[in-house]
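The values are calculated or read from the model by the stated rules, or taken from the named source; none is laboratory data. Given the structure is predicted, the values throughout are model-derived calculations rather than measurements. For neighbour counting, all protein chains shown are included, and Cβ atoms are generated from backbone atoms with ideal geometry for every residue, glycine included. SASA here: full protein model, heavy atoms, side chains in, ligands and nucleic acids out. Shrake-Rupley method; radii C 1.70, N 1.55, O 1.52, S 1.80 Å.
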Amino acid sequence: LEEIMRGANDKVREAGIHILGGHSINDNEPKFGLAVTGVVHPDRVLRNSTAKQGDALVLTKPLGLGILATAAKRRVATAEQTSAAIAIMAALNNTAAKVMLSLPVLPSACTDVTGFGLLGHLVQMMRASDTSASIAFLSV
């Protein structure tokens, strides 16, 4: 638990923010998360429900980290795979966010790719935006 809290504190400092509170859960498996709140100008809010036909899909981290995390928990991932996955998951998204926000025109929509995977999040985004998507399999 001490290492988890130290790691969280390190990432919070790297992001230039502060932890202002929290809660704990007594469960068989440790769980940890942070919620981020802030203020943003209404014209700069990016939603997952405003995608438009013709938008390009840009991924800022590799896919498959959930699979690697599960493999690591089951002790079937190699040490190299586990270390690589941890390094990627521990990296902040601030560089991608800065690049995205510096574009002459903001993207029409934005989401993360977490527990539901690429297809789950893409379906959610397309339904909410009332549009569709096609994926070039060899480009992913």
Practice problem: Starting from segment 110-136, take each residue that is among the hydroxyl-bearing types (S, T, Y) and list its partners that are assigned to a loop (DSSP other than H, G, I, E, B), counting only C-beta distances under 7 angstrom and pairs at least six apart or across chains. | Solution: T111/N48; S129/S49; S129/T50; S129/A51; S129/A109; T131/A51; T131/K52; T131/Q53
Practice problem: Would you confirm whether any residue within segment 75-90 is small (G, A, S) and either closer than 29 Å to S134 by Cβ or touching a Pro at 6+ places or on another chain (Cβ under 8 Å) (or both)? | Solution: yes
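Confirm whether R6 is of a type in the set (K, R), open to solvent by 90 Å² or more (accessible area, probe 1.4 Å), out of contact with any Gly (no Cβ under 6 Å at 6 or more places or on another chain) and not in a loop (DSSP other than H, G, I, E, B).
When the stated conditions are applied, R6 passes them.
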Quiz prompt | Cross-chain or 6+ apart pairs with Cβ under 6 Å, segment 45-60 first and farther than 16 Å from V140 by Cα, then surrounded by 10 or more Cβ atoms within 10 Å (Cβ to Cβ) and among the β-branched types (V, I, T) | solution = N48/T111; A51/T131; Q53/T131
Quiz item: Can you name the residue in segment 96-140 that is part of a helix (DSSP H, G or I) and among the small types (G, A, S) and is also nearest to L65 (Cα to Cα) among such residues?
Solution: G117
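Which members of segment 59-85 meet the condition of being within 14 Å of the chain's Cα centre (by Cα) and surrounded by 15 or more Cβ atoms within 10 Å (Cβ to Cβ)?
Step one: list which residues in segment 59-85 are within 14 Å of the chain's Cα centre (by Cα), which gives 59-66, 85.
Across segment 59-85, the qualifying residues are L65, G66, A85.
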Self-check item: Matching option when the condition is at positive phi and without any contact (Cβ under 8 Å) to a residue 12 or more places away in the chain, among G64, G33
Solution: G64
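Name the residue, out of A96, A128, A133, that is open to solvent by less than 80 Å² (accessible area, probe 1.4 Å) and within 15 Å of V45 (Cβ to Cβ). Let's see the steps before the verdict.
Numbers: A96 fails: within 15 Å of V45 (Cβ to Cβ); A133 fails: within 15 Å of V45 (Cβ to Cβ).
Result: A128 is the single residue among A96, A128, A133 that is open to solvent by less than 80 Å² (accessible area, probe 1.4 Å) and within 15 Å of V45 (Cβ to Cβ).
Yes/no per residue for (1) aromatic (F, W, Y); (2) out of contact with any helix residue (DSSP H, G or I) (no Cβ under 8 Å at 6 or more places or on another chain); (3) part of a helix (DSSP H, G or I):
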{"position": "I25", "(1), (2), (3)": "no, yes, no"}
{"position": "K31", "(1), (2), (3)": "no, yes, no"}
{"position": "A51", "(1), (2), (3)": "no, no, no"}
{"position": "L63", "(1), (2), (3)": "no, no, no"}
{"position": "A69", "(1), (2), (3)": "no, no, yes"}
{"position": "A72", "(1), (2), (3)": "no, no, yes"}
{"position": "V76", "(1), (2), (3)": "no, yes, no"}
